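Structure first, commentary second.
Computed from the coordinates by the stated procedures, all read-outs in this text should not be read as laboratory data. Worth saying up front: this structure is predicted, and the values here are computed from it rather than measured. Cβ coordinates were reconstructed from backbone atoms using ideal geometry, including for glycine residues, and neighbour counts include every protein chain displayed.
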Amino acid sequence: MASMSEQLQRIFELYRQEVRPDPVSLGDVAAWAMQKGLYKPQVKDVIKIFCDDMARSLRQEKRVDAQGREYRAKHCIKKIIEGKQLVLWADIDSAPRGFMKESFQNRRRAIIGDCHQLKQDVDHYNDINPDTQPIQLVLDFTDDVAELEASNRRPSDDEAA
């Protein structure tokens with residue numbers, strides 16, 4: 001039996017074949033798939049939707065510290081507990097150091113993975129389009145991070161006065 005991911009990929013391809021191959025909103029694909037009976041959410045799907053929505057919400061919660069830095073309030077790690085993979089969430093201001101270290105390491109690995117995939121995608125695109133100017137990709141973010149830090153600095157009460 002195909003995995004859920006493979007089933008969803010097939011639904012997307014079927015939509016492209018039967019409806020249109022143009023770029024499309026996944027909401028349109030979902031409505032079409034449900035109307036055709038290709039996708040029927042189960043209770044576990046509804047729970048997953050809630051968890052995904054909650055995770056997205058928690059990732060968006062920001063605070064500002066005494067130095068004026070905006071920081072993410074909630075962080076997570078994946079743990080296998082009793083043979084089941086769980087995502088555990090904590091507040092940065094009260095989480096144990098080990099939890100936060102693991103969360104930061106996981107996020108760094110995810111960024112590296114995203115950069116690797118982006119490079120693969122850009123290299124592929126450039127290879128299949130040899131008659132166009134290659135798209136350049138810079139993966140050193142030092143200057144970008146410094147610019148964001150500079151633009152996000154908030155003036156203190158003394159500077160604002």
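Here is how the numbers come out for the structure above:
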{"read-out": "Within segment 96-151: Cβ-based charge dipole about Cα centre, in debye rounded to nearest 20 (Lys, Arg +1; Asp, Glu -1)", "value": "560"}
{"read-out": "Convex hull volume per residue in cubic angstrom - Cα atoms of the chain", "value": "231"}
{"read-out": "Choice from 50, 99, 12 showing the highest fluctuation, given a GNM over the chain with Cα pairs closer than 10 Å", "value": "12"}
{"read-out": "Relative contact order (%) - criterion: Cα under 8 Å, at least six apart; region: segment 18-144", "value": "11"}
{"read-out": "With eigenvalues of the C-alpha gyration tensor scaled by 5 and rooted, segment 96-151, Å", "value": "31, 17, 5"}
{"read-out": "Charge dipole (debye, nearest 20) of the chain; +1 at Cβ of Lys and Arg, -1 at Cβ of Asp and Glu", "value": "1000"}
{"read-out": "Karplus (6.51, -1.76, 1.60) ³J(HN,Hα), θ = phi - 60°, over segment 138-145, in Hz, Gly and Pro reported as x", "value": "10, 9, 8, 9, 3, 5, 4, 5"}
{"read-out": "When each of 48/79; 78/101; 44/79; 62/101; 40/84 is checked by Cα-Cα distance, pairs over 22 Å", "value": "40/84"}
{"read-out": "Bins of 5 Å from zero: percent of alpha-carbon pairs in segment 18-94", "value": "3, 11, 14, 16, 13, 12, 12, 10, 6, 3, 1, 0"}
{"read-out": "Helix-derived mean residue ellipticity, 222 nm - over the chain, DSSP H n ≥ 4, -39500 (n - 2.57), to 500", "value": "-18500 deg cm²/dmol"}
{"read-out": "Cut-off under 5 Å, modelled amide H: who pairs with residue 92 long-range", "value": "74, 75"}
